[in-house]
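Following: one structure in structure tokens, then a few remarks.
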Amino acid sequence: MAFFTENFLNERRGDLLRSVCRFQYQLNGGEWKDGTINRKEIKGTDVVAFVNVPSSGQADTITGVRVFDNNGALAGQQAIKLQRSSLNTALLRFTFPLIEETEGKE
């Protein structure tokens, strides 16, 4: 049985949606650049953000992503490896599930 109410969790999802406001990507293990938020939304139990990453004009690899909150604090980051040609842009999808695990807690 779940401890938190679905209304409470929905409100926390809204808080998370509003607080994540800056998304960055790292090119070739070097400089961090800001992506452009295309859309943020709540889908079921997930907070989802779509972030546009323009072409650098040459073949490159996106080697990291990170997210900041509205206070400028680093919320999270992850190493990735997304290789692109000189013509490719990227649309990154960030999915943050916010659920209560209930298995084995009854």
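The values are calculated or read from the model by the stated rules, or taken from the named source; none is laboratory data. No experiment lies behind these values; they were computed from the predicted model shown. Cβ coordinates were reconstructed from backbone atoms using ideal geometry, including for glycine residues, and neighbour counts include every protein chain displayed. Side chains are part of the model used for accessible areas, which takes the heavy atoms of the whole protein and leaves out ligands, DNA and RNA. Shrake-Rupley method; radii C 1.70, N 1.55, O 1.52, S 1.80 Å.
Based on the Cβ-Cβ distance of Q58 and I99, what FRET efficiency does E = 1/(1 + (r/R0)^6) give at R0 = 41 Å, to the nearest 0.05? If you can, show how the numbers build up before the last one.
Numbers: r = 41 Å, r/R0 = 0.99.
The calculated FRET efficiency here is 0.50.
Tell me the relative contact order for the chain as a rounded percent, counting alpha carbon contacts under 8 Å between residues six or more apart. Don't skip to the answer; put the middle values down first.
On the way: 205 pairs, mean separation 31.9, N = 106.
Relative contact order of the chain: 30 percent.
How many nm separate the modelled label positions at E41 and M1, each set 7 Å beyond the Cα in the direction of the Cβ?
3.5
Please give the per residue accessible area of segment 1-41, computed with a probe of 1.4 Å over protein heavy atoms only, in Å². Working shown, then result.
Numbers: 2680 Å² over 41 residues.
Accessible area per residue, segment 1-41: 65 Å².
Express the accessible area of segment 48-106 per residue in Å², computed with a 1.4 Å probe while the remaining protein chains stay in the model. Let's see the in-between values first.
Values: 3830 Å² over 59 residues.
On a per-residue basis, 65 Å².
Where the accessible area of the chain is counted over protein heavy atoms with a 1.4 Å probe, how much of it, in %, is carbon and sulfur?
Values: 3390 of 6850 Å².
Roughly 50 percent, rounded to a whole number.
Under unit Cβ charges (Lys, Arg +1; Asp, Glu -1), what dipole magnitude, rounded to 20 debye, does the chain have relative to its Cα centre?
Numbers: 13 positive and 13 negative charges, 98 e Å.
The dipole magnitude comes to about 480 debye.
Among D46, D34, D15, which one shows the highest mean-square fluctuation when the chain is modelled as a Gaussian network with alpha-carbon springs under 10 Å?
Of the options given, D15 has the highest mean-square fluctuation.
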